[in-house]
Structure formats: structure tokens, C-alpha cells
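Here, each number is a calculation from the coordinates, and none is a lab measurement. Note that this is a predicted model, so its numbers are computed, not measured. A quick note on method: Cβ atoms are made from the backbone with ideal geometry, for glycine too, and the neighbour counts reach across all protein chains shown.
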Amino acid sequence: MISDLVIVGGGASGFMGAITAIKSGLRSVLILEGSSKVLEKVRISGGGRCNLTNSCWDISDLVNNYPRGEKQLIGLFNRFSTSEAFDWFQKKGLSLKVENDGRVFPSSDSSSDVIKCLTDVAKKSGVKVFTNSHVKQININKEGFKLLVKGSKEYAAKNILICTGGHPSGRKLAKSLGHSIIQPVPSLFSLASSENSLKTCSGITLDVQVKLKVEKKFYAEKGSILITHKGFSGPVILRLSAFTARVLHANKYTAELRINWLCMSESEARSKLNLYKLENGKKLVLNSKPFNNLPRRLWKALLNSLNIDSKLKWADISKKHNESLIKCLTMKSYLINSRGPFGEEFVTAGGVSLKEINFKTMESKICKGLFFAGEILDIDGITGGFNFQHCWTSGWVAGNSMV
Ligand SMILES: Cc1cc2nc3c(=O)[nH]c(=O)nc-3n(C[C@H](O)[C@H](O)[C@H](O)COP(=O)(O)OP(=O)(O)OC[C@H]3O[C@@H](n4cnc5c(N)ncnc54)[C@H](O)[C@@H]3O)c2cc1C
């Protein structure tokens, strides 16, 4: 029997694609999942809570969270965006909550409820799901497609939707059907530095301005940094890693990270420090600091890196030390020499080239009846629910385009 649609990959985009396709009028929709469980990434996502979207409702702001795919997503989000995804899940009975930073989670804080919602709706709609069905080859014939599954089972389909995420086998299938692949590289990672002047500061989080210099180009961001025992992490670093994923990979993860610990200009810092010196001349530099937001441990570590004597008083600080302190607070430079561990989230930058996709339908421009959705495409977002949002959106658009 030939199915109207066979979906390769039972992840977030595959389920959204299947449910939408059947709702839009397709009669026989099948998901072939290679592993023994569907939606496994949903289960582990968000530390087991699943950050499934974000309350960034404005499309022009929303697309700024995608280092790759920003342009193509404008049209897609105009059809199914964060607010539509939010309503979609609530209408299917999944209660959601928005956290202060805009991330959206199930009210229960359990990713199992997202899985239950998707699998229940799929089942009720009549989507068939086959696990342990790794698709190893897809052939084109007169009726459509023939899919060969490990263990020599075969399926026939009029349309296929490839939703294999960052898994290499999906890219191999896409390539065999004529698509070009943008080299996959990791995104959303911390930065490691062998610099050990901050080793006593592990665990500190702080709002900073950062500039990453890779080769001769600077990439600037502002936000919360986390000092780790191996380097730097936190939202600002993960965002920076996403926007520089490709260039950092090309440079073997060597770069220079400049941190403005005060988020103020050199001249502002100088005036503040000079005023403080006048009023606190008798106090020890080590024990009193002009900048309240700076944690004491970090202040000490920065003074240490400048070899400032622990007995030095503010009144006795030399002009030279004064200037190097200002530089250190507003433009301290750290050498990055490798990629650190991933945060809670990890995605692949790269995948099926966007030039070969019709973004009105998610259909291949090369092969009729072949559709793509989710992480297999050269689209990825930063942390905050943006990666799942792109899966819901592309899955929804693909599912609605096949009747
Ligand atoms: C630890 C972790 C936490 C994350 N947390 C979040 C978060 O909180 N919020 C967020 O927005 N994003 C998060 N992400 C990213 C998010 O999980 C992915 O962007 C998303 O799962 C991609 O969905 P997908 O449907 O494209 O692919 P996937 O979810 O990867 O699904 C692809 C499926 O295809 C199957 N498959 C692969 N090859 C074949 C084949 N040849 N035949 C049959 N089946 C095949 C795989 O087994 C898999 O089940 C996280 C990622 C990780 C790793």
C-alpha cells in the first residue's frame, strides 16, 4: 500500500508535520523512527522540563534569535509563530507557563507531558508510528518514493518529509536525493581558556559586555556570563558561540575574548574610580571597591592579575596601576583555546542548503514530493525555546502543503 506521506524521524518536527498533514486532509500518514523511542530529544530538553517555545511574539525580534535562517523564517513565522505554537499546545490540552526571561515550559515542568500531548494527538488523528525503523535508502519511482528500512522492510509513499534532526543519516538521504549539505558544525557551547587568573571565580554570574575577536573580526554581545572552572559560559557566551559557530570552527576554536566587567566606558569607569579614590584614600584597594555590582571574589582576582599589593591603599595607587586597573575592568582580554562543554542545549549549525527549499511549502526545489523540516535544515537558533519553535513552524508549514 502506498501512503500519502511517510515521515522519516519521530522528533518534534516529524510529529508536528504528521499531525498537521492528517488534519489538512491526507489520509495515510506514517512516521518511521530509527530508534526505539520517539521524541527522545523532547524528553531530555530543557533539563527534562522542555523549553518548547518563547514569549517573543514579535516576528522582527524573534528572527534575531536565529544565526542561520533568519531571512527564510520571516515568511514561515508569518504563518505559524510563537503565539500560534503556544495556542496550538494549549488547545491540545497542554497547560503552559511563561518564565520571567520569556522561556515557555509546560506548567508541570515535565517534558513527558509534551511527549504525551504530541503522541496522544497523533494517535487520535490516525498517524501511524513505527519505531526501530531506520531508513537507510530512498528511491524515486513513478508513484513517488520507495523507502528501505534496516532489516529490509520497504514502504511506499507519494510524499516524504525528512525530519532527522542533526543525525548524519538524514543528511546522507538528502544528498542521495540531490541536495547539497552545508557542513555541519556544533553550536551553543561554552568557551574554554587556559588562562587561570579566574580559577577562584568559578560559579560567578554577572552582566557584562563581551567582544569576541576571531581573526580580525569582532563579534559583540551583552548579557549574563558564567565563569566556569574551564572558562566562560552563560547566555551571553552561548549566544556568541551560536553567531560565530562557523568562523570559530574554521579557526579551530582559538579566539580572543574581551570582557567589559562593568558594562561602562573607560571614561565613565575612570571618573567613578577617581571620585572613589578621593573619598576612600585610607582604605585598602583589596578590601574596598568602587563598583558595587562586581563580586568580591572577582575584584580580588582582577587585582591579583595586575600584581597589586594587598596592602596598597587607594591614596597610594600609582597612575600606572590606576590606568591598568581601568583597562582590566573595561577591556580584559582572555585567550580562548578550545570549545568547552555544551550547555543544556546543543544543536547543529549546517544541514540541507536553504537555497534548495521552497519556503512557502518546505518542499525541495530539486525533487517533487520531498519535504524537509526541523534541524536537518541549515537553520538554528540560540537557547530559549527557539530551536523547538523552528521545528513546530517548519513541521506545520510542511504538513499543510501536501494536500
Ligand atoms: C540536551 C538537549 C537539550 C535541548 N533543549 C532544548 C530546549 O529546551 N528548547 C529548544 O528549543 N531546543 C532544545 N534542544 C534542541 C532541540 O532538541 C532540537 O532543535 C530539536 O529536537 C530538533 O528536532 P527535530 O525534529 O528536527 O530532530 P530530532 O528531535 O533530533 O528528531 C530526529 C529523529 O529522527 C530519528 N532519525 C534519524 N535518522 C533517522 C533515519 N535514517 N531513519 C529513521 N529515523 C531517523 C532520530 O532517532 C530522532 O528521533 C535541545 C537539544 C539537546 C541536545
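Neighbour counts of other C-beta atoms within 10 Å: give me K222, K252, K289 arranged from fewest to most.
Final ranking by Cβ density, sparse to dense: K252, K222, K289.
If neighbour count is taken as other Cβ atoms inside 10 Å, put V247, V397, V129 in order from fewest to most.
Lowest count first: V247, V129, V397.
Given the pairs K71/K365; K41/K230; K277/K311; K41/K175; K142/K368, which span a C-alpha to C-alpha distance of over 22 angstrom in this model?
K41/K230; K41/K175
List the aspartates and glutamates whose alpha-carbon lies under 18 Å from that of K116, not counting same-chain residues fewer than 8 positions away?
E33, E40, D87
Near K91, which aspartates and glutamates are there with a Cα under 16 Å away, not counting those fewer than 8 places off in the same chain?
Counting by Cα, and skipping residues close in sequence, K91 has these aspartates and glutamates nearby: D113, D120.
Where does the charge balance sit around E256 when Lys and Arg score +1, Asp and Glu -1, over other residues with C-beta under 9 Å from its C-beta?
Counting the neighbours of E256, the net charge comes to +3.
Compute the relative contact order of the chain as a whole-number percentage, counting only Cα pairs closer than 8 Å that sit 6 or more residues apart in sequence. Display every interim value, and only then the final one.
Numbers: 882 pairs, mean separation 104.5, N = 403.
Value for the chain: 26 percent.
Tell me the mean residue ellipticity at 222 nm calculated for the chain from its helices only (DSSP H runs of n ≥ 4, each -39500 (n - 2.57), averaged over every residue, nearest 500). Don't skip to the end; give the middle numbers.
Details: 13 runs with 133 residues, N = 403.
Per the formula, -10000 deg cm²/dmol.
Counting only other residues whose beta carbon sits under 9 Å from that of F130, what net charge do I get with K and R as +1, D and E as -1?
On the way: positive: K128, K153; negative: E33.
Within the 9 Å Cβ shell, the charges total +1.
Note down the relative contact order for region 264-399 as a percent, whole number, built from C-alpha pairs under 8 angstrom at least six residues apart. Mind showing how you got there, number by number?
Working: 115 pairs, mean separation 25.3, N = 136.
Rounded, it is 19 percent for region 264-399.
Can you figure out the FRET efficiency of K320 with N100, using R₀ = 41 Å and their beta-carbon distance, to the nearest 0.05? Could you put the intermediate results ahead of the total?
Details: r = 44 Å, r/R0 = 1.07.
Computed FRET efficiency for K320 and N100: 0.40.
Between beta-carbons, use under 13 Å as the cut-off and find the net charge around I140, counting Lys and Arg +1, Asp and Glu -1.
For residues surrounding I140, the net value is +3.
Give me T164, T361 ranked fewest to most by other Cβ atoms within 10 Å of their Cβ, as a rough exposure proxy. Kindly include the intermediate steps, with their values, before the conclusion.
Values: T164 28, T361 13.
The fewest-first ordering by Cβ neighbours comes to T361, T164.
Taking the Cα centre of each part, how many Å lie between region 350-383 and region 213-237?
The distance from the Cα centre of region 350-383 to that of region 213-237 comes to 30 Å.
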